[in-house]
Amino acid sequence: MLAASAAVLTLGGVALTELPAASAAGKPRGHDVSSHQKDVDWSEAKQKGAEFVYVKATESHTYRNPYFGRQYNGSRGAGIIRGAYHFAVPDKSGGKQQARFFVSNGGGWRSDGWTLPPAVDLEGNPYGRNKCYGLSAPAMVSWIKAFSDEVKRRTGRRPVIYTTTHWWNECTGRSTAFGAGHALWLARYGSSPGALPAGWSYWTIWQHDNGSGSLPGDQNLFNGSLGRLKKFAKH
């Protein structure tokens with residue numbers, strides 16, 4: 001992340017040199033938080049330009065973010081569109097079981113214009129050396145499908161899929177089974193989104209910085225106008 005200088009141009013009070021080039025088109029800024037951020041000053045986040053946030057609700061089938069309620073409700077109270085995400089640990093239990101746990105512990109959705117669709121975080125295994133959790137590509141695809149189907153059955157929405165291009169292509173065998181029905185939340189830290197995972201032709205949310213930006217947690221952009229963001233939350 002580049003440091004701002006005294007003479008740098010700004011967009012909404014934020015130094016343009018601190019943002020990827022795509023934000024110059026007026027894309028809504030957002031972030032994502034977990035228990036690491038603890039008690040967030042949501043009014044300050046809103047003042048700094050936050051239009052949306054994803055809050056970690058659960059992980060695997062046992063962990064619940066102890067700060068979830070305060071973060072989820074606090075962001076809404078500050079006028080920020082918010083949603084919940086689940087960190088998937090596919091070698092601990094099945095996709096259906098983890099989806100049930102998620103939806104029962106904050107991962108719901110309603111068409112109120114303030115609630116983003118549920119999201120699932122699919123990335124390299126932080127607890128072991130096998131980034132794909134020891135699952136074959138077909139088994140991983142089956143796990144994701146089971147998770148998605150259960151979330152859809154319980155909430156009426158397909159989950160947003162958070163992933164990196166490298167992880168997705170390696171661990172799902174470049175599966176194209178999800179691109180048409182699932183919004184992509186792409187993680188890539190740099191000045192451009194780069195190549196997309198197999199199956200997607202565009203990203204919906206781009207996580208472009210992992211914690212060094214002006215908003216609490218990781219920095220994100222929404223690929224559209226604020227009006228489209230509100231429609232994405234509502235429909």
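All of the numbers you see were taken from the coordinates with simple rules; none came from a lab. All values reported here derive from a predicted model rather than from experimental measurement. Glycine gets a Cβ as well: all are built from the backbone with ideal geometry, and neighbour counts include every protein chain shown.
Of note:
- Among beta bridges that DSSP assigns inside the stretch 135-235, antiparallel share in %, nearest 5: 40
- DSSP loop trypsin sites (Lys or Arg not before Pro) with at most 13 other Cβ within 10 Å excluded, longest remaining stretch of the chain: 39-109
- Degrees separating the helix 68-77 axis from the principal Cα axis of the chain, which is the longest one: 40
- Each of 202, 85 was scored by other Cβ atoms within 10 Å of its Cβ. Listed from fewest to most, they are 202, 85.
- Projected onto planes of every orientation and averaged, the convex hull of the alpha-carbon atoms in the chain covers 11.9 nm².
- Cα-Cα over 19 Å, subset of 145/230; 27/48; 145/231: 145/230; 145/231
- Taken as Cα centroids, the stretch 96-149 and the stretch 25-54 sit 22 Å apart, rounded to the nearest whole angstrom.
- Tilt relative to the chain, helix 137-155 - C-alpha long axis, 0 to 90 degrees, to 10: 70
- Dividing the mean sequence gap of close Cα pairs (under 8 Å, 6+ apart) by how many residues the chain holds gives a relative contact order of 22 percent.
- Evaluated at q = 0.10, 0.14, 0.20, 0.22 Å⁻¹: base-10 log I(q)/I(0), Debye formula over Cα of the stretch 50-161: -0.28, -0.54, -1.00, -1.16
- Fewest-first ordering of 55, 33, 103 by other beta carbons within 10 Å of each residue's beta carbon gives 103, 33, 55.
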